[in-house]
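The values are calculated or read from the model by the stated rules, or taken from the named source; none is laboratory data. In this text, all values refer to a predicted model and were calculated from it rather than measured experimentally. Virtual Cβ from ideal backbone geometry, glycine too; neighbours counted across all protein chains shown. Accessible surface areas use protein heavy atoms only, side chains included; no ligands, DNA or RNA. Shrake-Rupley method; radii C 1.70, N 1.55, O 1.52, S 1.80 Å.
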Amino acid sequence: METYNTLILDLDDRILTITLNRPQALNALNSEVLAELKAAFEYAYDSPEVGGVIITGSGEKAFAAGADIKEIAELNELNARKFAERGQELFATIEEFEKPVIAAVHGYALGGGCELAMACHIRVASAAARFGQPEVNLGLIPGYGGTQRLTRLIGKGRALELMMTADNIDANEAWRIGLVNHVADSQDEMMDQAVAIMRKILSKAPLAIGMVITSANAAESNKEDGYLVEANSFARCCGTQDFREGTAAFLEKRQPVFKGQ
Ligand code: CAA
């Protein structure tokens, strides 16, 4: 595993935990963080020892307080599109990643930080998490997919209110409106919950998990027919050894042993 300046990577029993590590800047996502996250996901993709990824933030104050405003302040109309597209591409890689990705959010998840959490497949928050898209305070709009993912996750009316008022909301409200899956009492319990969910997913057939992710993503695509993607994925599952093993284990009343084949 490479070493990184802005991330801490820890691989434990097939779970790769990626910790955003710029606590002095509330883990703001500068271009180095984005480049390193891209490299870390390439490593996670290539490495058979990695079954799934948990993303979290270092320190007690933030998951990530957004894109780095020092870098944003230098943007102009010519280079800002590239800036947004680069973040969008990385977050699409995370959303489409065929191994499970869970965001464990403690403290602020604002702007690009909220967008990163939304790109993950599942979100677990601590009670002290706060979510928001405060870009209009800077004369901006979300640029890493937030206008799209927030609208899909919580509905247009609520998303527009959050993005237009720049309000941030606490973890319980985020849970109530469907922005997070679970709220834990503390940062430690949040990590325990994220690991427990990941362990449960990793006990299932890995190829089927990847196809669940791909098929669910197709539900939001305007380029492909989600039902067709689902039917094709279902057929591909039936060609795997894990499908033979899963059905045989059920019929033989034993636990399946999946190999990802
Ligand atoms: N970029 C760069 N630095 C940041 C940052 C950011 N997004 N957020 C916080 N920091 C830095 C602060 O500048 C400060 O640094 P110094 O100690 O060197 O001054 C340090 O982190 C601690 O922050 P505060 O002193 O502000 O901490 P606080 O507890 O008083 O406030 C906060 C916390 C409410 C989160 C506040 O820091 C804040 O509002 N941050 C900005 C949030 C924001 O606007 N995010 C959206 C960014 S734009 C974006 O993300 C666009 C996109 O979609 C791609």
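Can you work out which of the residues in region 179-220 that are within 20 Å of E96 (Cα to Cα) and of a type in the set (G, A, S) is most open to solvent (accessible area, probe 1.4 Å)? Applying the filter and picking the extreme gives A219.
Considering the conditions (1) open to solvent by less than 10 Å² (accessible area, probe 1.4 Å); (2) in a helix (DSSP H, G or I), A109 is excluded by exactly one of them, (2). Note on region 24-34: residues that are assigned to a helix (DSSP H, G or I) and either surrounded by 15 or more Cβ atoms within 10 Å (Cβ to Cβ) or not assigned by TED's automatic domain parsing to the domain that holds G57 (or both) total 4. No other residue among E60, E49 is surrounded by fewer than 24 Cβ atoms within 10 Å (Cβ to Cβ) and within 16 Å of the ligand (Cβ to nearest atom) apart from E60.
Of all residue pairs spaced 6 or more apart or on separate chains, those with beta-carbon atoms under 6 Å, a first member in region 85-97 that is assigned by TED's automatic domain parsing to the domain that holds G113 and of a type in the set (F, W, Y) and a second member that is surrounded by 21 or more Cβ atoms within 10 Å (Cβ to Cβ) and assigned to a helix (DSSP H, G or I) are F91/A119.
Residue-wise test of (1) farther than 30 Å from G132 by Cα; (2) in contact (Cβ under 8 Å) with a residue 12 or more places away in the chain; (3) hydroxyl-bearing (S, T, Y).
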| site | (1), (2), (3) |
| --- | --- |
| V195 | no, yes, no |
| M211 | yes, yes, no |
| A235 | yes, no, no |
| R254 | yes, no, no |
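The condition of being farther than 21 Å from A62 by Cβ and not in a strand (DSSP E or B) holds for only one of G157, G143, that being G157.
Considered as a group, the residues in region 63-94 that are more than 8 Å from the ligand (Cβ to nearest atom) and part of a loop (DSSP other than H, G, I, E, B) include one that is nearest to A28 (Cα to Cα), and that residue is A73. The residue list A109, A65 contains one member that is aliphatic (A, V, I, L, M) and touching a Lys or Arg at 6+ places or on another chain (Cβ under 8 Å), which is A109.
Within region 15-46, the set of residues being touching a helix residue (DSSP H, G or I) at 6+ places or on another chain (Cβ under 7 Å) and closer than 24 Å to A196 by Cα comprises I15, L16, I18, L20, L37, F41. Annotation for region 206-213: no member residue is away from the ligand (no atom under 14 Å from the Cβ), part of a loop (DSSP other than H, G, I, E, B) and out of contact with any Ser or Thr (no Cβ under 6 Å at 6 or more places or on another chain). For region 134-162, the tally of residues that are closer than 14 Å to E220 by Cβ, near the ligand (Cβ under 10 Å from one of its atoms) and buried (at least 21 other Cβ atoms within 10 Å of the Cβ) stands at 1. Residues that are farther than 30 Å from G59 by Cβ and among the acidic types (D, E) occur in region 226-239; there is at least one.
Taking every residue in region 140-154 that is on the phi < 0 side of the Ramachandran plot and pairing it with any residue that is part of a helix (DSSP H, G or I) and open to solvent by 60 Å² or more (accessible area, probe 1.4 Å), at least 6 positions away or on another chain, the pairs with Cβ-Cβ distances below 8 Å are G143/Q88; Y144/Q88; T151/L160. Here I8 meets the list (1) within 13 Å of the ligand (Cβ to nearest atom); (2) in contact with a strand residue (DSSP E or B) (Cβ under 7 Å, 6 or more places away or on another chain) almost entirely, failing just condition (1). Can you find a residue that is basic (K, R) and either more than 14 Å from the chain's Cα centre (by Cα) or more than 22 Å from G145 (Cβ to Cβ) (or both) anywhere in region 15-37? Looking through region 15-37, at least one residue is basic (K, R) and either more than 14 Å from the chain's Cα centre (by Cα) or more than 22 Å from G145 (Cβ to Cβ) (or both).
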